[in-house]
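Colleague: Below is a structure I'd like to ask you about.
The values are calculated or read from the model by the stated rules, or taken from the named source; none is laboratory data. Just so it is clear, the model here is predicted, and its values are computed rather than measured. We place every Cβ from the backbone using ideal geometry, glycine too, and count neighbours over all the protein chains shown. Heavy atoms of the whole protein, side chains included, go into the accessibility calculation; ligands, DNA and RNA do not. Shrake-Rupley method; radii C 1.70, N 1.55, O 1.52, S 1.80 Å.
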Amino acid sequence: MSSGRTLLITGVSRRIGAHLAAHYLARGDRVIGTYRQETAELANLREQGLHAIRIDLTDTAALPGLIDDIAAYTDRLDAIVHNASIWPSDNDCASQPELITQLYQLHVTTPVQLTLALQHRLPAPSLDGRATRTVVFLTDTKVSAGSDGHLHYLSSKAAADSAMRSLAISLAPHTRVNAIAPGLILFHEQDSTEKRANRLAKNLLPFEPGAEVIAESMDYLLDCSAVTGITLPVDCGLNLLNPSARD
Ligand SMILES: NC(=O)c1ccc[n+]([C@@H]2O[C@H](COP(=O)([O-])OP(=O)(O)OC[C@H]3O[C@@H](n4cnc5c(N)ncnc54)[C@H](OP(=O)(O)O)[C@@H]3O)[C@@H](O)[C@H]2O)c1
């Protein structure tokens with residue numbers, strides 16, 4: 001995919017979403033990014049040209065406004081990246097059952113609705129058999145192995161992975177749809193030294209990769225015109241060690 005594109009990335013206020021937005025802005029692409037919280041990263045991205053839209057993506061009533069805003073900003077959309085996510089534990093979900101609904105809304109229902117609605121408002125032309133738009137879901141490498149602490153989170157990511165394949169079928173040939181399934185990419189600030197060491201020991205490649213590996217994977221999925229309907233594990237080999245590799 002050539003530069004000078006327009007991308008929509010959800011959840012750009014921090015970490016991987018912020019890194020992806022900065023990566024494509026630095027290349028001269030136009031980036032529309034959704035956020036909930038104002039952050040220092042978001043302020044930097046605005047200075048680099050980000051078109052930022054504040055929205056809670058679990059608020060279904062707000063989605064038509066988001067679609068209108070995007071269509072007013074651009075008549076061309078080359079890529080949609082469904083990055084926004086929450087990661088509640090099963091204990092969190094037991095004490096706040098509304099989180100279960102939010103997981104499916106954020107990881108599955110909203111991305112599918114948004115993808116289809118934007119297809120209607122900003123249709124991707126099909127010229128010569130090659131797709132002109134790419135959609136990428138961020139899922140999780142543990143989807144196939146399961147987890148003893150994040151059943152609801154992983155189930156919702158599994159549903160997103162399945163939705164990705166159905167969309168790849170229904171939106172061909174003008175749109176390619178794929179997923180990146182990360183393993184550990186970035187630790188959280190509060191993770192202890194012991195937790196970090198234990199977690200890294202489960203990888204075949206025991207290092208913290210950082211968000212740049214997601215940008216590299218995204219570049220591949222945006223650029224490789226013959227790839228659709230795949231899930232690309234980016235997990236330092238963790239999937240080979242499943243199902244014993246648990247959090
Ligand atoms: N980091 C990893 O090691 C790792 C591992 C496996 C999978 N992944 C996947 O990779 C993606 C990025 O990971 P990450 O670690 O960067 O995630 P993160 O730090 O949890 O950030 C998630 C983003 O989603 C946004 N978000 C959350 N709830 C939202 C809502 N209701 N409406 C709109 N936006 C919402 C957040 O916005 P606000 O902060 O503004 O609320 C934030 O920008 C996610 O899909 C994640 O599941 C990451």
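Colleague: On average over all directions, what projected area in square nanometres does region 36-114 have, based on the convex hull of its Cα atoms?
Modeller: 6.3 nm²
Colleague: Can you check what the Kirkwood hydrodynamic radius comes to for region 47-165, Cα pairs only, in Å to one decimal?
Modeller: Result for region 47-165, one decimal place: 15.8 Å.
Colleague: Please return the longest range in the chain lying between exposed loop sites, taking GluC sites (Glu not before Pro), DSSP loop only, at most 12 other beta-carbon atoms within 10 Å, and leaving the sites out.
Modeller: 39-188
Colleague: Please express the shape of region 102-188 as an equivalent ellipsoid: the semi-axes are the square roots of 5 times the eigenvalues of the C-alpha gyration tensor, given largest first in whole angstrom.
Modeller: Calculated on Cα positions only, the semi-axes equal 27, 13, 11 Å.
Colleague: Give, in nm to one decimal, the length gained when the segment between R14 and C224 is fully stretched (0.36 nm per residue of separation minus the Cα-Cα distance).
Modeller: 72.9 nm
Colleague: Packing-wise, with mean Cβ within 10 Å as the measure, how do 68-81, 131-144, 105-118 rank, highest first?
Modeller: 131-144, 105-118, 68-81
Colleague: Take the Cβ-Cβ distance between Y73 and L200 as r, set R0 to 45 Å, and report the resulting FRET efficiency rounded to the nearest 0.05.
Modeller: In this case the efficiency is close to 0.65.
Colleague: Now for a separate question. If I compute solvent accessible area with a 1.4 Å probe over the protein chains, what percent of it on region 6-241 is carbon and sulfur?
Modeller: The computed percentage sits at 54.
Colleague: Just to confirm my numbers, what's the Cα centroid distance between region 51-93 and region 122-152 in Å?
Modeller: 15 Å
Colleague: Once you have the Cα-Cα distance between L241 and E38, take 0.36 nm times their residue separation minus that, and quote the gain in nm to one decimal.
Modeller: Additional length available on full extension: 69.3 nm.
Colleague: Note down the net charge around A72, summing +1 for each Lys or Arg and -1 for each Asp or Glu among other residues with Cβ under 15 Å from its Cβ.
Modeller: 0
Colleague: While we're looking at this one, here's another question. Can you pull the one-decimal nm distance between simple spin-label points at S89 and A117, each 7 Å off the Cα toward Cβ?
Modeller: Roughly 3.5 nm, to one decimal.
Colleague: Can you work out the accessible area per residue across the chain, with the rest of the protein chains kept in place, probe 1.4 Å, in square angstrom?
Modeller: It amounts to 45 Å² per residue over the chain.
Colleague: Sorted by average packing, counted as other Cβ atoms within 10 angstrom per residue and highest first, what order do 88-96, 12-20 take?
Modeller: Ranking the peptides 88-96, 12-20 by packing returns 12-20, 88-96.
Colleague: Here is a follow-up. Which Rg and Dmax, in Å, describe the Cα atoms of region 1-62?
Modeller: Cα-based Rg and Dmax for region 1-62 come out at 11.3, 35 Å.
Colleague: Report P(r) for the chain: all Cα-Cα distances, bin width 5 Å, range 0 to the bin holding the largest distance, values in whole percent.
Modeller: Bin by bin from 0 Å, the calculated values are 1, 6, 14, 17, 21, 18, 12, 7, 3, 1, 0.
Colleague: How high is the relative contact order of the chain, given as a whole-number percent (alpha carbon pairs under 8 Å, six or more residues apart)?
Modeller: 19 percent
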